Amino acid sequence: MNFTAQDVKTLRERTGAGMMDCKNALVETDGDMEKAIDFLREKGIAKAAKKAGRIAAEGIVDSYIHMGGRVGVLLEVNCETDFVARGDMFREFVHDIALQIAAANPQYVKSEDVPAEVLEKEKAILRAQALEEGKPEKIVDKMVEGRIKTFYEDNCLLNQKFVKDPAKTIEQYLIETTAQIGEKISIRRFVRYEMGEGLQKKEEDLAAEVQAQVEAMKK
């Protein structure tokens, strides 16, 4: 590795891109700062990141109802102008996100939204599990860190793999769409309803059903 943590920080400051995107760019360019900047620009990441501070006050509220009315999603996604909000690309993006929520059942939009008490409880459970497995104390904290990453991937929308293209995360899909549209896009909030949720009844894998419908839509 021909770069340092400081190089990653510098690249982030110069482009506004995320830490992992900056690290990956430096890996791809063998630590060359200028080439890494070009790499991020070519991917549209730097362009999208620079829009992060802008105000997104327009947008739409979209809904997705799973066939048969067993799962429903209401979702608000914001953009900067009404013109973009009425565009096909933006509306397709919003619909894809609503479908993602129906299929993958995230609990939060991003990792920063996870309440501190929830995160601490999860860490305590993961730590206890690691110790129960007989793992040495000195590596338990590193194991917990890795498993918390999995927790985020399961529960935070932006960290989830995109059900229509698992090669990318929802955050990557958001960055790509932002770059293509040319405006800041913000996934603000959502609510997911599941028929019979909280009632005593036979458990069925509705997420799997939605996923099957997604696969059928690809064909």
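Computed 3J(HN,Hα) for the range 127-136, one whole-Hz value per residue from the Karplus formula 6.51 cos²θ - 1.76 cosθ + 1.60 where θ = phi - 60°, is 5, 4, 4, 5, 5, 5, 6, x, 6, x, glycine and proline marked x.
Against the compact-protein benchmark of 2.2 N^0.38 Å, the Cα-based radius of gyration of the range 109-174 scales to 1.28. Sparsely packed loop sites in the range 72-168 (the GluC sites (Glu not before Pro) outside DSSP H, G, I, E and B with at most 10 other Cβ atoms within 10 Å) comprise Glu133.
No lab work stands behind these numbers, since they all come straight from the coordinates. These numbers were taken from a predicted model, which means no experiment stands behind them. Neighbour counts run over all protein chains shown; Cβ positions are idealised from the backbone, glycine included.
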